[in-house]
Amino acid sequence: METFKKHFTAMAPLAPTLQLFLDHQATLSRCPSSVEAQDEFAECVSSDAAFPVGAGYKLKLLNLYASKVERLGGFIESDNFSEVMVAAMSNAKLDDGMDPEYTCCQSFADARLGGVVASRIYPRHNDVGLRLWEAGYILAEFICDNPSLFAGKTVTELGAGCGLTGMIAGSVGRAKRVFVTDYTVETLDNMRHNVEINEAYLAVTETPLDVMTVHHLDWSQTAKNSTDVCVTDADVMMAADCVYDVCVIPCLVETVSTFLSQSREKVCFIATTFRNEKTFALFISELEKAGVQYDSLVYEGNGTFEGVWNVCERERVKMHMFRNK
Ligand SMILES: C[S@@+](CC[C@H](N)C(=O)[O-])C[C@H]1O[C@@H](n2cnc3c(N)ncnc32)[C@H](O)[C@@H]1O
């Protein structure tokens, strides 16, 4: 049952999540059509854990359960189930509005993480830093698979958005210090909130809270940035899904090349979702002009951050490693 609850809280893909509940009921010799099983399902779905689960997700899961019961020739007989369904329907309607202030939490539980890590996101907000992006998951998975590249290092994440990838560098990656940087007030506030709500996760993974520093860094201020502590002190720079706008490529390139030019030991990992080949080609050619060399890394992720919203673009994410020539 605990496994089901973890998947439910993480808003993991619906069918395998429901199956975990049904498997548990089978061990109790209960059929999904029984009132007992329906009551227990309703109780699980209605009791929010530390991180709120979106009403839209709850509704889809309840519908999936109801279809399963129908296919078995049964009915929803539990009053509790019906009540939870009605509540989810009306809340999902509210969620489905375009309110940019609507928030929910996406959380992940996996043995590799050693705990439950959560991010508050604003799925309707226009600010791209208030959501999680596939490249961020892949970079986080890369850290889980290659902790030695980050252990004991000072790491600066550019365009860190919700801060998830940076937190993984601090916890699983065992970085000495992590600067999670971004430039909008909203993104930085949300990132601070996310570090705070993960205090328990960081404690479970024996990561002191002060490893994480939320820090303002605007690539367009590169001249000023070159003396910024998060550029001068970092051993590793990293960024996920930051190569998407040709207008900001020159300043992003300058930030990365300024950092790399300080020592040949410094290294930068960038995970990019390939939406437009030309944008990335421009990024590479500008970096080459600045004397930076790169390697393509063959890395497809390990699935730690599989969730409900991130299934579509994984295969388009490519990883690269940059160093000074
Ligand atoms: C597509 S989001 C990726 C967020 C996060 N890395 C992830 O993978 O979930 C791009 C990020 O770059 C940030 N960004 C864009 N322009 C920037 C600039 N000039 N300086 C600093 N950050 C910037 C945005 O605020 C946003 O957080």
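The values are calculated or read from the model by the stated rules, or taken from the named source; none is laboratory data. Predicted model only: the values in this text are computed from it and were never measured. Virtual Cβ from ideal backbone geometry, glycine too; neighbours counted across all protein chains shown.
Some values worked out for this structure:
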{"read-out": "Output for region 250-288, where each listed residue is in a helix (DSSP H, G or I), over 27 Å from the mean Cα position of the chain (by Cα) and polar (S, T, N, Q)", "value": "Thr258, Ser261, Ser285"}
{"read-out": "Residues located in region 139-150, provided they are assigned to a loop (DSSP other than H, G, I, E, B) and of a type in the set (S, T, N, Q)", "value": "Asn146"}
{"read-out": "Test: residue in region 65-81 that is out of contact with any helix residue (DSSP H, G or I) (no Cβ under 9 Å at 6 or more places or on another chain) and under 23 Å from Leu164 (Cβ atoms)", "value": "no"}
{"read-out": "Residues that are under 14 Å from Ala239 (Cβ atoms) and in contact with a Lys or Arg (Cβ under 9 Å, 6 or more places away or on another chain), drawn from region 179-220", "value": "Asp218"}
{"read-out": "Within region 275-296, tally of residues that are touching a strand residue (DSSP E or B) at 6+ places or on another chain (Cβ under 9 Å) and exposed (fewer than 15 other Cβ atoms within 10 Å of the Cβ)", "value": "5"}
{"read-out": "Criterion violated by Ala42 - all others in (1) farther than 20 Å from Asn80 by Cα; (2) modelled with pLDDT of 95 or more; (3) among the hydrophobic types (A, V, I, L, M, F, W, C) satisfied", "value": "(1)"}
{"read-out": "Subset of region 150-163 [within 13 Å of the ligand (Cβ to nearest atom) and out of contact with any strand residue (DSSP E or B) (no Cβ under 6 Å at 6 or more places or on another chain)]", "value": "Gly161"}
{"read-out": "Test: residue in region 96-106 that is in contact with a strand residue (DSSP E or B) (Cβ under 8 Å, 6 or more places away or on another chain), crowded, with 16+ Cβ neighbours inside 10 Å and farther than 16 Å from Gly56 by Cβ", "value": "no"}
{"read-out": "In region 115-148, the residues that are at pLDDT below 90 and acidic (Asp, Glu)", "value": "Asp127"}
{"read-out": "Neighbours by Cβ (under 9 Å, 6+ apart or cross-chain): first from region 146-162, within 11 Å of Gly129 (Cα to Cα); second away from the ligand (no atom under 11 Å from the Cβ) and of a type in the set (D, E, K, R)", "value": "Cys162/Arg120"}
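One line per residue, one yes/no per condition, for (1) within 17 Å of Met319 (Cα to Cα); (2) away from the ligand (no atom under 13 Å from the Cβ); (3) assigned by TED's automatic domain parsing to the domain that holds Val317:
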{"site": "Cys247", "(1), (2), (3)": "no, no, yes"}
{"site": "Leu252", "(1), (2), (3)": "yes, no, yes"}
{"site": "Val256", "(1), (2), (3)": "yes, no, yes"}
{"site": "Phe269", "(1), (2), (3)": "yes, no, yes"}
{"site": "Arg275", "(1), (2), (3)": "yes, no, yes"}
{"site": "Leu282", "(1), (2), (3)": "yes, yes, yes"}
{"site": "Lys289", "(1), (2), (3)": "no, yes, yes"}
{"site": "Leu297", "(1), (2), (3)": "yes, yes, yes"}
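Here is a yes/no grid of residues against (1) closer than 18 Å to Ala118 by Cβ; (2) in contact with a Pro (Cβ under 6 Å, 6 or more places away or on another chain); (3) crowded, with 16+ Cβ neighbours inside 10 Å:
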{"site": "Cys144", "(1), (2), (3)": "yes, no, yes"}
{"site": "Ala151", "(1), (2), (3)": "no, no, no"}
{"site": "Leu164", "(1), (2), (3)": "yes, no, yes"}
{"site": "Met191", "(1), (2), (3)": "yes, no, yes"}
{"site": "Glu196", "(1), (2), (3)": "yes, no, no"}
{"site": "Leu202", "(1), (2), (3)": "yes, no, yes"}
{"site": "Met212", "(1), (2), (3)": "yes, no, yes"}
{"site": "His215", "(1), (2), (3)": "no, no, yes"}
